[in-house]
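Presented below is the structure to which this report refers.
The values are calculated or read from the model by the stated rules, or taken from the named source; none is laboratory data. A quick note: this is a predicted structure, and the numbers were derived from the prediction, not measured. Please note: Cβ atoms are built from the backbone with ideal geometry, for glycine as well, and neighbour counts cover all protein chains shown. The accessibility values were calculated without ligands, DNA or RNA, using every heavy atom of the protein model including side chains. Shrake-Rupley method; radii C 1.70, N 1.55, O 1.52, S 1.80 Å.
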Amino acid sequence: GTTFKAGDSQLAQDWEQEYGTDFDDFRTLITWRNDTRDSAIFPRVGSSQTLSALLSIPGSDLEFYRLNYRHQHYVPITGDYIIHLGLDVGYGDGMGDTDILPFFENFFAGGTKTVRGFEQNTLGPRETADPHSDPIGGNLKGVANFELIFPTFLGGQFEKTTRASAFLDVGNVWLTYGPEDRDSIGFDLDDLRYSVGLSASWLSPLGALTVSLAYPLNDKEGDQVENFQFSIGQSF
């Protein structure tokens with residue numbers, strides 16, 4: 001089952017009026033994976049693909065679907081220099097008596113795994129027309145990452161446990177439905193956010209530690225910029 005409290009959120013209050021706050025949902029997750037990388041950590045060549053479909057089973061209080069496709073591709077150039085291309089796209093919508101994707105199932109973007117230089121999960125539509133209101137995610141997601149991976153030249157024990165990269169991130173999330181008078185409704189390529197920067201990873205005893213220094217190229221009013229970001233468990 002799913003339960004939430006509307007609180008002060010107008011979005012949640014609107015959902016409560018239409019669908020309530022307590023649901024009995026029966027879901028199934030179907031996933032297909034293909035991985036040809038030479039290593040799951042610090043790969044040099046190959047690709048990984050994941051296609052997943054989250055579906056509510058007939059008889060659920062909420063009927064919807066959520067599709068997501070992720071692709072990572074590595075191409076060695078020369079020596080320890082590698083091109084890395086990443087793609088993450090998703091789409092979801094309601095079915096039957098549920099007109100839209102539940103807002104708590106929305107996709108989000110911004111942060112270390114999507115568009116660096118923007119705070120985690122802050123890109124995309126806002127709860128109100130005010131660009132400074134809370135981000136609510138979207139039912140459509142599109143993110144692409146382009147990286148040139150190179151050695152850190154630290155030598156010694158760090159030669160095989162560190163990597164650095166220069167990157168370009170592109171992406172955002174969108175709501176394809178909603179009030180027609182809202183500028184943030186609908187898919188528009190002009191909403192894409194871009195950032196460039198440098199990143200470094202270290203395979204520490206605790207796992208992969210990654211830091212990045214990113215600079216948004218086209219941040220707009222209301223965007224929450226975060227130049228320095230840190231994550232554990234993510235490598236490239």
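By the helix-only formula, in which each DSSP H run with n ≥ 4 contributes -39500 (n - 2.57) and the sum is divided by residues, the chain has a 222 nm mean residue ellipticity of -1000 deg cm²/dmol.
Angle, helix 10-19 long axis vs. longest principal axis of the chain, Cα atoms, 0 to 90°, nearest 10? Between helix and principal axis, roughly 60 degrees. Accessible surface of residue 221, taken over heavy atoms with a 1.4 Å probe and every protein chain present, rounds to 130 Å².
Accessible surface for residue 29 stands near 120 Å², nearest 10, in the context of the full protein assembly shown (1.4 Å probe).
Give me the percent of accessible area attributable to carbon and sulfur for the stretch 112-236, probe 1.4 angstrom. That fraction is 58 percent.
Largest mean-square fluctuation among 120, 157, 224, in a Gaussian network model of the chain whose springs join Cα atoms under 10 Å apart, belongs to 157. Per-residue Karplus couplings for the stretch 95-108, computed as 6.51 cos²θ - 1.76 cosθ + 1.60 with θ equal to phi - 60°, are listed in order as 9, x, 7, 9, 6, 9, 5, x, 4, 7, 10, 4, 7, 10 Hz, Gly and Pro entered as x. Scalar couplings 3J(HN,Hα) for the stretch 76-90, obtained by applying the Karplus form with A = 6.51, B = -1.76, C = 1.60 to θ = phi - 60°, are x, 9, 7, x, 9, 9, 9, 8, 10, 10, x, 9, 9, 10, x Hz; x denotes Gly and Pro.
In sequence order, the stretch 200-217 has phi-based couplings of 9, 10, 10, 7, 7, x, 8, x, 6, 9, 10, 10, 9, 10, 10, 10, x, 9 Hz under the Karplus curve 6.51 cos²θ - 1.76 cosθ + 1.60, θ = phi - 60°, and Gly or Pro positions carry x.
The charge dipole of the stretch 184-236, taken about its Cα centre with unit charges on the Cβ atoms of Lys, Arg (+1), Asp and Glu (-1) only, comes to about 340 debye.
Legend: residues 141, 113, 160, sorted from most to least accessible area (1.4 Å probe; ligands, DNA and RNA excluded), read 160, 113, 141. When all protein chains stay in place and ligands, DNA and RNA are ignored, the 1.4 Å accessible-area order of 81, 74, 65, largest first, is 81, 65, 74. Think of each Lys and Arg Cβ as +1 and each Asp and Glu Cβ as -1; about the Cα centre, that makes the dipole of the stretch 89-234 roughly 1000 debye.
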